[in-house]
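Everything on this sheet refers to the single structure shown next.
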Amino acid sequence: MNSDPHESAAWRSFGMLDADEASAFDEAMRLDPELKQSYLEMERLTAVVAATAVQPVAPRAGQLQRLERQLGIHTARRTNWPAISGWAAAAVVTLFLLVNRESPQTGTIAIAKPHPPVAAPEDISPVKPVDGSPVAEETLPREMVEIPAFAVSGQPMLVQEADTKVIRQETRQLIQENEVLKEKVEELQSVERERFEAVPGTAWPIVMRMSPPGMQEEPTDISFDHEGPPMTAILGDALASAGDPYDEGLGVSKTGLGAEKPTPSAVPIYDPARDTGTLVVNNLPDIVEGESYNLWVTTQGKEQPVYVGKLPRSNSRAADSFDFNLGLMSTVPTGFILTRDPQGKPLQPTPGTTILQGP
């Protein structure tokens, strides 16, 4: 390969270099832009010389089409529009005939006419016999002949049956609602009966009688078949004594002669729904300095009594009332205990400290 770049480019363009020299020249062109530019100029010059000096060769059959396909040149084909439009028109006509043939025919379905209304029977005068015999009277008055409602109104039987079904459904619903309401009323009545059920020594709101331990239990009803005073009488007398500062208590003689020692008693009244209560005491023994009365309550959920509070020191009256609360809503007490303890922290009730208990 010559050292002159233009001469080497000419030899490469005319194909005068062997394979090794051609590959070496191509590698040199990639590294030397000037050599590459010389090669491109030589390619243009040789193309111009060949186009002007050499007579073109007629291509053989198929060569031109192959060259056009390789170069991406496609000749436009002529579309046969008359043939396409003819086939399209034939397809449209065929489709129209098929659709017109398969269309449903109207007026072929018979519609049942509604039944004509049944007219009410007309009065038909009896025919007089020719021989002059008396005419027999009508055996059935017109008022007793029952004419169906649909016959008079002229409505079809189907409409009457639909109305009857609707009426039956509404009647069934009303019966079911009535049964549900009846069950609810019975449930409420049973709850009220359980709530206001008579319990010995207890009523609602909870009212109990408290008496000293070991004392024989007395009836708690308000009948007059027993000797002891009923609970209502004890409660009324205690409230009356609490309002009278000169009353010395039940069972105490006004003169003090032959007076018996009064029996202490108490009546707690408690409303669980509001957690409010009142303790009415009567004839409690006097306490010395350093002692106090404490109220306790017993419930079903706890074994030990629960401390409620200490009774305030009262005056010299034999009866008094005190308000209290348990601190828990909807708590139903099963009993109350009143103890006499030294001041300070109260101790659990014992037989020695218990003054009153109930019921």
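The values are calculated or read from the model by the stated rules, or taken from the named source; none is laboratory data. In this text, all values refer to a predicted model and were calculated from it rather than measured experimentally. Note that we place each Cβ from the backbone using ideal geometry, even for glycine, and neighbour counts take in every protein chain shown.
Of the residues L279, L250, the single one that is aliphatic (A, V, I, L, M) and modelled with pLDDT of 85 or more is L279. Only one of the listed residues (T354, T334) is modelled with pLDDT of 80 or more and within 13 Å of P268 (Cα to Cα). That residue is T334.
Can you find a residue that is farther than 30 Å from E7 by Cβ, within 60 Å of the chain's Cα centre (by Cα), surrounded by 10 or more Cβ atoms within 10 Å (Cβ to Cβ) and at pLDDT below 80 anywhere in the stretch 94-106? No - not one qualifying residue is present in the stretch 94-106. Only a single item in (1) surrounded by fewer than 18 Cβ atoms within 10 Å (Cβ to Cβ); (2) touching a strand residue (DSSP E or B) at 6+ places or on another chain (Cβ under 7 Å); (3) touching a residue at least 40 places away in the same chain (Cβ under 8 Å) is not met by Q348, and it is number (2).
Restricted to helices (runs of 4 or more DSSP H) entirely inside the stretch 1-60, those with at least 3 residues that are touching a Phe, Trp or Tyr at 6+ places or on another chain (Cβ under 9 Å) and not hydrophobic (A, V, I, L, M, F, W, C) are 5-14. Restricting attention to the stretch 327-359, the residues that are small (G, A, S), assigned to a loop (DSSP other than H, G, I, E, B) and within 17 Å of G277 (Cβ to Cβ) add up to 2.
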